[in-house]
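Colleague: My questions will all concern the structure given below.
No lab work stands behind these numbers, since they all come straight from the coordinates. For clarity, every value in this text was computed on a predicted model and none was experimentally measured. No Cβ is skipped: glycine too gets one built from the backbone with ideal geometry, and neighbour counts run over all protein chains shown.
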Amino acid sequence: MKKIAFISHGHPELSKGGAEVASWNLYQLLKQQGHHCLYVARTDGSSHGGSTFSSRGEEVLFHTGMTDWFNLSTSHLKPLFTDLYDLLKQFSPDIVHIHHYAHMGIEIFPAVRKALPNAKIVFTLHEFMAMCMHNGQMVKRETLKLCTKAVPSDCHQCFPSHSPGDFFLRKSYILDQFSYVDEFISPSEFLAQRYIDWGLPEDKVHVIENVLPTLTPANPRSLPSEGKRTKLAFFGQVNPYKGLDILLKALSLLPEDVREQIHLDVHGANLDIQTSEFKEKVEALLGEVEDCVDLRGPYESEQLPSRMAECDWVVIPSVWWENSPVVIQEAIHLGRPLIGSNIGGMKEKIEGIAGLTFEARSAASLAAAIVHAIEPEVFDYWYAKLSNQQSAIEQHLQFIEKLNSN
Amino acid sequence: MNKIKNVARRLLGKEAPKPYVIDSVAKTSTGYCVVGWYATSTVQRVGLISNENKPLASDVTFIERSDVVSATGKPATGFQLVCDTELDISEFQFIVLCTDGNQLKASLTLQGDIQPIDVPSIDVSKMSSSSVKGTLEYAIYVDEYVYVTGWLLDAGKTKSFDLNIKKAITKDTNLIRYTRSDVVNAFADSAESVNAGFILVFTLDSAELVPSVKQLSIEFEYADKLEKLSTTQIYNGKSDQMTNAQRMLNAWQAHSPSHLAKADMFIPMLDKMYPGDVKPSVRRLDFGNAAASPSVSMIVPLYGRIDFMRYQLSNFQRFINAETVEVIYVLDDPKLANEATKLAREMAQIVSFPFSLLILGKNVGFGKANNIGVEYARADNLLLLNSDILPKSMQWVEKLLETSNKPEVGIVGARLLFEDNTIQHDGMAPMTVNEYPGLLFNDHPKKGWPIQLAPYTENEEHCTLLTAACWMVKKSDFIAVGGFDPMYILGDFEDSDLCLKIEELGKRNMIRRDVELYHLERQSQNLVKPGRWKHNITVLNAIKYNDKWKSKLGDLEGKL
């Protein structure tokens, strides 16, 4: 059994992002397997007596911050190079599983290396933050056009106050800090390839899907005779990248006879904190399709199985690439096929595996996919294909096994 | 008087803090980008407005500024204004519309630019005499030299002026008369406004008299009468060299042959303002465990932007053998001493690569900063490197060293690239510029070319002129020629000057084209567009350089 330290940029009970949840699930899994694990989660705010650490149950809360969001760097070096250093030295893990550098600083890699010259440092990639300053979305600022390659002169177009040379330096500095990582994990081939093209060494990048807690598949919704698979659900944040507006538009484009039967549940939050322009757009679209849409609001993870069981299809219409959205894995494990955009991580995880894809950002294409999806035989075909086997668990365990042996 | 007003205002608490802060102003390819924040409670809107009061269309992006909110405890909104315009930055202003209806305006300055100096505007009330209109705007003195400038509505006819200082004897007078558009605009109906501008440099027999003078006058004859113009704006050229160099050179139109012919009138003054033998104080800070006996001493001057140190040290940590190379940063920018020390301390935690930081007590310019750095070098080979350079090739130090170790070799340069893998430097060559007949400048052939269009056959090749952005040279050779010549003001030509000096020792300078480094060259001054003081300094340095190396450069140009 091994000693493994997890470092996450947030505690999932305090901040429910994909990366936090993924690190938490892996931590729980490895703990159950008998590994000696320590979970360190960065948190906001000051702690008792100004100490760098406090606790939440068994987990350590790490009070620090990032000062330079351009270089993803921090000038709070004491928390990293003195405090975390001492803590890790004391715990002396064989493996440090880092799930993010955000809010702590990219210097976390040299800091961990300095503390533990012989431990294996594993870093899980979750989005494109290192290569794209636009929240790691690889989507152009303002126009939200898809971006395929981070080129300094293009990045300068998105952020005119930073010169192309600055973006060149940013990348150079980040790659320097990544050089302390022994192995990278990417939950999708797509994300892995983007990072390899950008400059990560190919032999160090491994594609392993995020693990999930065990979920019991739900039976298909029982249909009345002649009934169709018309209940759709959207799970996720309501923001410009998640494409709810495309989905609402698609509903308004459905042929009248389909439209009459369709129902969409929106399980998500945060429309209220979006820019007024986006809010107005979504509200106007909602007005057009209010007869067939319910806003169900945010949900806790315990509520997910029952909410998902209500629907036939889960729709993921994101306009950005996505990496490996947890909702896709959840839908697969809970027995619900998906309709997703045909780009990036969604294409990789859905096409030919778990449902239908449509031309990303095209409401007409999504409408056509919905017309197709409501046919019971289409649903049955994809439902039968879904597999609740978590090969990711086995892969993660093997990966940990092999790590220190070579 | 202003001081008293300010103190009074502060005591009375009348001066409210500005409800906004501009963090940065940058030039984009099509206009400008202004980033900052404002207090949400006091400010309604921000924007840009031309000097003619026409609003400029700009895209506004709002940015969450929790840093400001936590620092000020008040709600604040961050903004980014992106404006496409052909206007110069001096032709528009930042405008703030307050919630109480008030408007605030502020001039903008590009990051890294110098604040524009106050150029007096035409003020008819200040005219000294009823028979002739004119103004003596200001004077600058440097030891025995006195520079004065102004305008006189006499169509440029007056050619003889006397400086009126008690006991002072004028040994020499130099004059330029030229047309000033502001005077022509102010007196559009007067034929006398042509050639109204004057620039005068007087050489006195004594350096003692001027500093005590409160008012300075010049006398001249106009319409058979003795006339006088006076000013109380008298600057000591040695006290804020850069602003005074600006004051002195902004009006000089170097591209005009008659002005160019008068270049010599400025050189002695500037030489005294920027003396070559200045010895600044040096404070040395060492970080990490220095190599016992390095074979290369790397000298990196820092000026303006110190953050380059972060990227370089992080790179050196990965790619350079700390046993072979010692790194010496030379901070030639005293106002950044605290910031540089802080960053150096941070970097010493992030990297284990040892380095030293020399903090100069005075800004001395690129050449002298390097000369000082060399005094601290312990190795036999020097590697002079600009701070905005990052290596692309592995083993780059070893390759440069391999060539530098050959006894017949002088300086070894490298191929420098822009961040998009086009050529920035592939050796330099003398070049003529149409505006300045007879002067040779340094050209960078193939600049901007994709590297695949510039193949090479030999890894090392003879090349006389190399940019000092990246050089390896034996310390003994560098010292034998006396290092960089300090006569060039603010850094121009001293690298090609030193290249020529090294070849005069009988050595050959080489370029290693298989050594590639990225050079994120800062927007260099455009040699063809005249009017800026810095550009004028380049021209003055070019004159010095050409005077010194005329025949050698002619040979080189002939060979190309």
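Colleague: Under 5 Å between amide H atoms, partner at least 5 residues away or on a different chain: which partners does residue A:140 have, H built in plane at 1.01 Å?
Modeller: Result for residue A:140 returns A:145, A:146, A:147.
Colleague: Would you mind giving the mean number of other chain beta-carbons within 10 Å of the Cβ of each residue in B:306-317, as a whole number? Spell out each step's value before the answer.
Modeller: On the way: counts 0, 7, 2, 0, 6, 9, 3, 2, 13, 5, 1, 3.
Mean shielding by partner chains, rounded to a whole number: 4.
Colleague: Next question, about the same structure. Which residue fluctuates most in the GNM of chain A (Cα springs below 10 Å): A:127, A:351, A:394?
Modeller: In this elastic network of chain A, the residue with the biggest mean-square fluctuation among A:127, A:351, A:394 is A:394.
Colleague: Return the Cα extents of the protein assembly as shown along principal axes one, two and three, sorted largest first, each rounded to a whole Å.
Modeller: Principal axes ranked by extent give 116, 70, 60 Å for the Cα atoms.
Colleague: I'd like the FRET efficiency for residue A:277 and residue B:284, computed as 1/(1 + (r/R0)^6) with the beta carbon distance as r and R0 of 56 Å, rounded to 0.05. Each step should come with its number before you reach the end.
Modeller: Numbers: r = 56 Å, r/R0 = 0.99.
It comes out at approximately 0.50.
Colleague: Using the Kirkwood radius over C-alpha pairs as Rh, can you work out the diffusion coefficient of chain B via Stokes-Einstein at 37 °C, viscosity 0.692 mPa s, in µm² per second? Don't jump to the answer; show the numbers that get you there.
Modeller: Numbers: Rh = 26.9 Å.
Reported coefficient: 122 µm²/s.
Colleague: Further question: Would you kindly derive the ³J(HN,Hα) couplings of segment A:262-277 from the backbone phi angles with the Karplus curve 6.51 cos²θ - 1.76 cosθ + 1.60 (θ = phi - 60°), listing them in order in whole Hz, with x for Gly and Pro?
Modeller: 6, 9, 10, 9, 9, 9, x, 9, 5, 4, 5, 9, 7, 5, 4, 4
Colleague: Moving on. In the structure displayed, which of B:167/B:279; B:475/B:544; B:159/B:544 lie more than 32 Å apart, Cα to Cα?
Modeller: Numbers: B:167/B:279 34 Å; B:475/B:544 26 Å; B:159/B:544 28 Å.
Check vs 32 Å cut-off fails for B:167/B:279.
Colleague: While we're on this one: Note the angle between two axes, namely the Cα long axis of helix A:376-385 and the longest principal axis of the Cα atoms of chain A, as a number of degrees from 0 to 90, rounded to the nearest 10.
Modeller: For A:376-385 against chain A, the angle is about 20 degrees.
Colleague: Could you work out how far apart the two model spin labels at residue B:90 and residue B:342 are, taking each label as a point 7 Å from the Cα in the direction of the beta carbon, and quote it in nm?
Modeller: 3.3 nm
Colleague: Okay, next question. What does the highest-first list of A:359-366, B:294-301 look like by mean Cβ count within 10 Å?
Modeller: Numbers: A:359-366: 19.1, B:294-301: 23.5.
Order by mean packing, descending: B:294-301, A:359-366.
Colleague: Checking the cross-link filter: which aspartates and glutamates have an alpha carbon closer than 20 Å to that of residue A:347, excluding same-chain neighbours under 8 positions apart?
Modeller: A:127, A:189, A:197, A:209, A:245, A:312, A:322, A:330, A:359
Colleague: Using the Karplus curve 6.51 cos²θ - 1.76 cosθ + 1.60 with θ = phi - 60°, work out ³J(HN,Hα) for each residue of segment A:343-355 in order, rounded to whole Hz, and write x for Gly and Pro.
Modeller: For segment A:343-355, the Karplus-derived couplings read 10, x, x, 6, 4, 4, 8, 10, 4, x, 10, 9, x Hz, x marking Gly and Pro.
Colleague: Taking the Cα centre of each part, how many Å lie between segment B:369-397 and segment B:94-109?
Modeller: One Cα centre to the other: 47 Å.
Colleague: Still on this structure, I have one more. Compare the peptides A:146-156, B:247-257 by average per-residue count of other Cβ atoms within 10 angstrom and give them in order, highest first.
Modeller: On the way: A:146-156: 17.2, B:247-257: 19.3.
Descending packing order for the listed peptides: B:247-257, A:146-156.
Colleague: Show the residues, 5+ positions off or on another chain, whose built amide H is closer than 5 Å to the amide H of residue B:43.
Modeller: Amide H neighbours of residue B:43, under 5 Å, 5+ apart: B:99.
Colleague: Compute the FRET efficiency between residue B:103 and residue B:170 as 1/(1 + (r/R0)^6), taking r as their Cβ-Cβ distance and R0 = 30 Å, and round to the nearest 0.05. Intermediate values should be presented prior to the final figure.
Modeller: On the way: r = 50 Å, r/R0 = 1.68.
Once the sixth-power term is evaluated, E becomes 0.05.
Colleague: For the cross-link pairs A:89/A:114; B:399/B:474; B:18/B:335; B:474/B:501; A:78/B:342, which exceed 19 Å when the distance is taken from alpha carbon to alpha carbon? Walk me through the numbers before you get to the answer.
Modeller: Details: A:89/A:114 10 Å; B:399/B:474 14 Å; B:18/B:335 24 Å; B:474/B:501 14 Å; A:78/B:342 13 Å.
Those over the limit are B:18/B:335.
Colleague: Relative contact order of segment B:392-516, please, whole-number percent, based on alpha carbon pairs below 8 angstrom and at least 6 residues apart. The partial results should precede the final answer.
Modeller: On the way: 227 pairs, mean separation 47.3, N = 125.
Over segment B:392-516, the number comes to 38 percent.
Colleague: Now for a separate question. Give me the net charge for the shell around residue A:290: Cβ to Cβ below 13 angstrom, other residues only, Lys and Arg +1, Asp and Glu -1.
Modeller: Local net charge: -3.
Colleague: Amide H neighbours of residue B:23 under 5 Å, counting only residues 5+ apart in sequence or on other chains, H built in-plane at 1.01 Å?
Modeller: Here B:35, B:36, B:37 satisfy the definition.
Colleague: Here is a follow-up. Please work out the FRET efficiency for the pair residue A:1 and residue A:391, using the Cβ-Cβ distance as r and a Förster radius of 22 Å; give the result to the nearest 0.05. Present the calculation step by step, with values, prior to reporting the outcome.
Modeller: Numbers: r = 22 Å, r/R0 = 1.02.
After rounding, the FRET efficiency stands at 0.45.
Colleague: Modelling each spin label as a point 7 Å along the Cα-to-Cβ direction, I'd like the residue B:110/residue A:256 distance in nm, to one decimal.
Modeller: Calculated label separation equals 6.3 nm.
Colleague: Just need the relative contact order of segment B:282-559 here, percent rounded to a whole number, with Cα pairs under 8 Å and 6+ apart. Provide the component values of the computation, followed by the final result.
Modeller: On the way: 554 pairs, mean separation 58.6, N = 278.
It rounds to 21 percent for segment B:282-559.
Colleague: Please give the contour-minus-distance gain from residue B:458 to residue B:71: 0.36 nm per residue of separation, less the Cα-Cα distance, rounded to one decimal in nm. Let's see the in-between values first.
Modeller: Numbers: separation 387, 0.36 × 387 = 139.32 nm, distance 5.84 nm.
Taking residue B:458 through residue B:71 to full extension adds about 133.5 nm, to one decimal.
Colleague: Any chance you could run the full-extension gain for residue A:353 through residue A:32? It's 0.36 nm times the residue separation minus the Cα-Cα distance, nm to one decimal.
Modeller: Length gained between residue A:353 and residue A:32: 112.6 nm.
Colleague: Taking Cα atoms, how many degrees apart are the long axis of helix B:494-504 and the longest axis of chain B, rounded to 10 and kept between 0 and 90?
Modeller: 50 degrees
Colleague: Something else about it: Which distance in Å, rounded to a whole number, links the C-alpha centroids of segment B:180-254 and segment A:177-252?
Modeller: 72 Å
Colleague: For chain A, modelled as a Gaussian network with Cα springs under 10 Å, which listed residue fluctuates most, A:283, A:348, A:183?
Modeller: So, out of A:283, A:348, A:183, the one fluctuating most is A:283.
Colleague: Ok, one more. Kindly write out, for segment A:181-190 in residue order, the coupling ³J(HN,Hα) from the Karplus curve 6.51 cos²θ - 1.76 cosθ + 1.60 (θ = phi - 60°), rounded to whole Hz, with x marking Gly and Pro.
Modeller: Rounded to whole hertz, the list is 7, 7, 9, 9, 10, 10, x, 9, 4, 4.
Colleague: Over chain B, what relative contact order in percent results from Cα pairs under 8 Å that are six or more residues apart?
Modeller: Values: 1079 pairs, mean separation 56.5, N = 560.
Here the relative contact order equals 10 percent.
Colleague: At a temperature of 4 °C and a viscosity of 1.567 mPa s, determine how fast segment B:221-307 diffuses translationally according to Stokes-Einstein, using the Kirkwood radius over alpha-carbon pairs as Rh; express D in µm²/s, rounded to the nearest whole number. List each step's numbers first, then the result.
Modeller: Values: Rh = 18.5 Å.
This corresponds to a translational diffusion coefficient of 70 µm²/s.
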